[in-house]
Amino acid sequence: MERSTLRVGRALVVIVDDRVTHTEHEDTMGPLVTELLEEAGFIVDGVVEVRGEAVDIRNALNTAVIGGVDLVITVGGTGVSPRDVTPDATAGVLDRPIPGIAEALRSSGLAAGAVDAGISRGLVGVSGSTLVVNLAASRSAVRDGMATLASLVPHVIEELSGL
C-alpha cells in the first residue's frame, strides 16, 4: 500500500496567537503543521486560531476531544512569559500526561537549534482517547517536533483506539 493512502487518524491544529486572532499577523504555522500532518497520513479536520487565554485554549481542546479527533497539535504559548499559558490550559484538559514525549520534543528541538523548543513548557498527554501535543511556535520547533512525533504518534493512537 502506498504511504499516501495510509490514514493514521484525524487531527486538528490549534494556533495560539493573539496577533493572528486580531488579524495583525498572518498564520503561517497552521498551513505548515497541516502539510506535515497530511504527509504523515493524517486527515486534518481544520486549523483553529485562538487568543492566548487559558479559557479559549481549553475550549478549543475540549471541542476537539468531544469531536473525536485522534490528535490535537497546539502551536504557541509554551514559553516562559506571562502570556504563555498553553501548557497551563492543557494540563486542565489532560487525563494522563506523557512526559517522555514532551521531554523528547524539548531535547530534539534544542539539539536542532530551536531554542524555543528547548525551553518550552509544552505538555503531551491523553484526554479521553485523544492525544494532545503542545509545540513551540517557531518554524524550526514545528518541523523538528513533527519529525520527532512521526514515529511515536501512530503507536499512541493505535493504543488509544482500543479504548
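Quick notes on this one:
- Neighbours of Ile157, meaning other residues whose beta-carbon lies under 12 angstrom from its beta-carbon, give a summed charge of -1 when Lys and Arg score +1 and Asp and Glu score -1.
- Distance between the pseudo-spin-label points of Asn62 and Ser140 (7 Å out from Cα toward the beta carbon): 3.8 nm.
- Charged neighbours of Ser140, selected by a Cβ distance under 14 Å, balance to +1 (K, R count +1; D, E count -1).
- Region 33-98, relative contact order in percent, only Cα pairs under 8 angstrom and at least six apart counted: 30 percent
- Charge sum, other residues only, whose C-beta stays under 13 Å from Ala11's C-beta, Lys/Arg counted +1 and Asp/Glu -1: -3
- Heavy-atom accessible area per residue - the chain, 1.4 Å, Å²: 48 Å²
- With every protein chain in place, the chain: carbon and sulfur % of accessible area (1.4 Å): 55 percent
- Net lengthening on full extension, Arg7/Arg19 (0.36 nm per residue, minus Cα-Cα): 1.0 nm
- Dipole of the chain, positive end: most advanced residue of Ile157, Gly128, Pro99 [Cβ charges, Cα centre]: Pro99
- Among Val115, Leu61, Gly46 the positive-end extreme of the charge dipole of the chain (Cβ point charges): Val115
- Label-point gap, in nm, between Glu26 and Arg96 - each point 7 angstrom along Cα→Cβ: 4.3 nm
- For region 134-160, the residues whose backbone nitrogen is under 17 Å from a point 7 Å from the Cα of Ile119, taken along Cα to Cβ, are 135-142.
- Answer label for Kirkwood radius over Cα pairs in Å (calculated), chosen among [x] 15.4; [y] 15.8; [z] 21.4: [x]
The values are calculated or read from the model by the stated rules, or taken from the named source; none is laboratory data. Owing to the predicted nature of the structure, the values given are computational and were not obtained by experimental measurement. Because the Cβ atoms are built from the backbone with ideal geometry, glycine has one as well, and the counts that use them run over all protein chains shown. Quick note on the areas: whole protein, heavy atoms, side chains included, nothing else; ligands and nucleic acids left out. Shrake-Rupley method; radii C 1.70, N 1.55, O 1.52, S 1.80 Å.
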